[in-house]
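A.B. asks: Dropping a structure here in structure tokens format, bear with me for questions.
No lab work stands behind these numbers, since they all come straight from the coordinates. All values derive from a computational prediction rather than experimental measurement. Because the Cβ atoms are built from the backbone with ideal geometry, glycine has one as well, and the counts that use them run over all protein chains shown.
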């Protein structure tokens with residue numbers, strides 16, 4: 001009998017004995033839930049939101065708190081630096097130099113954050129801070145620079161930066177003046193949000209292709225608003241529901257990615273034309289210097305109901321014609337409001353354009369939509385389940401940090417289902433570290449031809465690590481199955497108490513550069529739901545387990561006795577590429 005079988009038998013026996021002794025498994029006050037509260041503070045966001053409010057010594061002298069070296073303007077006209085100065089500071093004594101050229105601040109007083117530029121008029125359109133015009137010459141080099149801020153002859157601050165990304169601002173996060181000042185790059189007008197939490201009592205968990213009716217019914221129920229965000233949209237049935245909603249005077253707005261990998265599908269052209277004709281407000285987001293590498297979320301807000309899924313708004317996605325995807329629907333006014341804030345911020349950004357303008361300048365590409373699609377059985381029905389809390393995770397703002405916290409908090413088991421995983425992903429390393437702590441880890445990956453080679457290489461790599469270090473770590477590619485065509489889910493289950501459902505693929509581009517939206521669902525019922533789907537898909541892959549024939553009754557009883565004796569000691573706690581789809 002394999003060690004996995006022994007572990008499984010022991011776990012089953014312990015659970016059974018626990019139920020016998022206690023009358024049920026105690027609800028876990030998860031470490032994850034406690035960790036989630038810690039995530040609600042985001043120091044980087046605080047620095048971006050209040051660049052002049054640095055504590056301690058930093059407020060006693062002028063400090064450089066923001067740089068914008070690479071705006072989207074011609075020749076970087078309007079580039080600026082922002083300094084935070086104490087109240088009523090005489091700016092006329094300040095100069096800034098890169099060691100080659102020097103510019104002087106104007107002879108006036110100032111307080112708080114002040115943007116300084118050699119072209120005040122151009123800069124005023126790029127920042128909400130008051131702007132002063134520098135006298136002299138200073139250029140913020142795109143490929144990096146070393147800057148000194150002087151008060152007369154005294155150097156009061158130094159900052160250095162490397163390559164400046166297009167349309168991104170550098171925000172200081174430390175409180176001391178030094179050449180190694182800590183900071184982060186952040187897109188112009190990009191959000192920087194902390195994890196928000198809601199407390200709905202129930203959520204409808206569902207998977208695809210089994211339950212395509214859930215997204216449709218979500219849209220059908222709207223009376224006041226539908227805000228729909230996606231990567232691509234080609235579904236005629238979804239389009240019908242949006243137009244029907246607009247006809248009954250529901251506010252309908254749609255936001256989608258302007259430059260998906262491989263091009264915008266031809267089917268989108270017809271969809272956009274129909275939506276425009278129905279006076280639906282549709283915008284495309286993207287382009288040079290856009291806030292996000294890809295707008296990749298898949299969610300909808302219908303009144304106070306939120307639907308988040310891993311699937312695109314197309315027949316093979318939410319239509320249930322191909323992909324194994326995960327989704328969740330729940331009603332909560334606070335959560336809907338928080339997600340609406342994200343939608344409105346993205347929808348109204350400078351890097352969006354109306355659908356009619358987008359259509360006039362876009363070359364659509366033929367998409368492979370076979371007429372005779374297979375049909376799949378409904379093996380996992382949508383279920384309305386109890387949840388303890390729900391957290392809204394957003395990339396690039398906080399989703400990676402949150403996911404790493406969840407993985408670090410795992411005590412017993414991590415189940416991961418992904419289309420693919422990049423070997424440079426921080427979440428992958430955190431998963432391996434969890435296995436090194438003794439957490440049982442299983443990873444199920446897609447075997448579609450465009451994922452097969454990289455996923456097979458990752459499986460071999462993880463198998464070698466597990467063998468060399470003796471880790472409880474397994475990875476498999478899903479084989480042919482009658483349940484779906486391909487894995488497109490981007491999900492993880494922690495200790496069967498937390499399930500993360502959403503759009504983020506496990507690669508650094510998704511977490512660091514894309515707009516992604518995920519929900520972490522806390523509760524045993526919802527955790528078990530997605531775990532049961534995972535187990536079924538794993539077993540369909542030829543990995544099912546049954547009681548080994550060589551396990552004798554005496555051994556079984558001995559294990560049971562050991563489990564019973566040990567019960568008193570149990571303690572139940574409260575894309576290597578830029579490919580997107």
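A.B. asks: If you take every DSSP beta bridge fully contained in the range 191-307, what fraction is antiparallel? Give it as a percent rounded to 5.
C.D. replies: Details: 7 of 17 bridges.
Roughly 40 percent of the beta bridges in the range 191-307 run antiparallel, per DSSP.
A.B. asks: Treat each spin label as a single point 7 Å out from the Cα along the C-beta direction, and report the residue 124 to residue 274 distance in nm.
C.D. replies: In this crude label model, residue 124 to residue 274 measures out at 4.8 nm.
A.B. asks: Along the principal axes of its C-alpha atoms, what lengths does the range 202-361 span, in descending order and rounded to whole Å?
C.D. replies: Largest to smallest, the principal-axis extents are 43, 32, 30 Å.
A.B. asks: Arrange 365, 478 by Cβ neighbour counts within 10 Å, fewest through most, would you?
C.D. replies: 365, 478
A.B. asks: Please tell me the relative contact order of the range 406-493 in percent, rounded to the nearest whole number, where contacts are Cα pairs under 8 Å and at least six residues apart. Don't jump to the answer; show the numbers that get you there.
C.D. replies: On the way: 136 pairs, mean separation 34.2, N = 88.
Over the range 406-493, the number comes to 39 percent.
A.B. asks: Between residue 381 and residue 261, what is the spin-label point distance in nm, taking each point 7 Å from the Cα along the Cα→C-beta axis?
C.D. replies: A separation of 3.7 nm, rounded to one decimal place.
A.B. asks: If you count the DSSP beta bridges with both ends in the range 48-187, what percent of them are antiparallel, to the nearest 5?
C.D. replies: Details: 35 of 38 bridges.
Taking every DSSP beta bridge with both residues in the range 48-187, the antiparallel ones total about 90 percent.
A.B. asks: With a cut-off of 8 Å between alpha carbons and a minimum separation of six or more residues, what is the relative contact order of the range 48-187 in percent? All intermediate terms of the calculation are to be shown ahead of the outcome.
C.D. replies: Working: 349 pairs, mean separation 36.1, N = 140.
Once normalised by length, the contact order is 26 percent.
A.B. asks: Taking the DSSP beta bridges in the range 249-310 as the whole, what percent of them are antiparallel, to the nearest 5?
C.D. replies: Numbers: 4 of 9 bridges.
Roughly 45 percent of the beta bridges in the range 249-310 run antiparallel, per DSSP.
A.B. asks: Let me ask something else. Could you work out the relative contact order of the range 257-320, using alpha carbon pairs under 8 angstrom and six or more residues apart, expressed as a whole percent? Working shown, then result.
C.D. replies: Numbers: 43 pairs, mean separation 15.8, N = 64.
About 25 percent, as a whole number.
A.B. asks: Set the Förster radius R0 to 22 Å, insert the Cβ-Cβ distance between residue 152 and residue 174 as r into 1/(1 + (r/R0)^6), and round the FRET efficiency to 0.05. The partial results should precede the final answer.
C.D. replies: On the way: r = 24 Å, r/R0 = 1.11.
Using R0 = 22 Å, I get an efficiency of 0.35.
A.B. asks: Applying 1/(1 + (r/R0)^6) with R0 = 22 Å to the Cβ-Cβ distance of residue 452 and residue 532, what FRET efficiency is obtained, to the nearest 0.05?
C.D. replies: Working: r = 26 Å, r/R0 = 1.20.
My answer for the efficiency is 0.25.
A.B. asks: Still on this model: Measuring from label point to label point, each 7 Å out along Cα→Cβ, what is the residue 98 to residue 364 span in nm?
C.D. replies: That separation, rounded to one decimal, is 4.6 nm.
A.B. asks: Continuing with the same structure: Any idea how far the Cα center of the range 281-346 sits from the one of the range 228-275, in Å?
C.D. replies: A separation of 12 Å, based on Cα centres.
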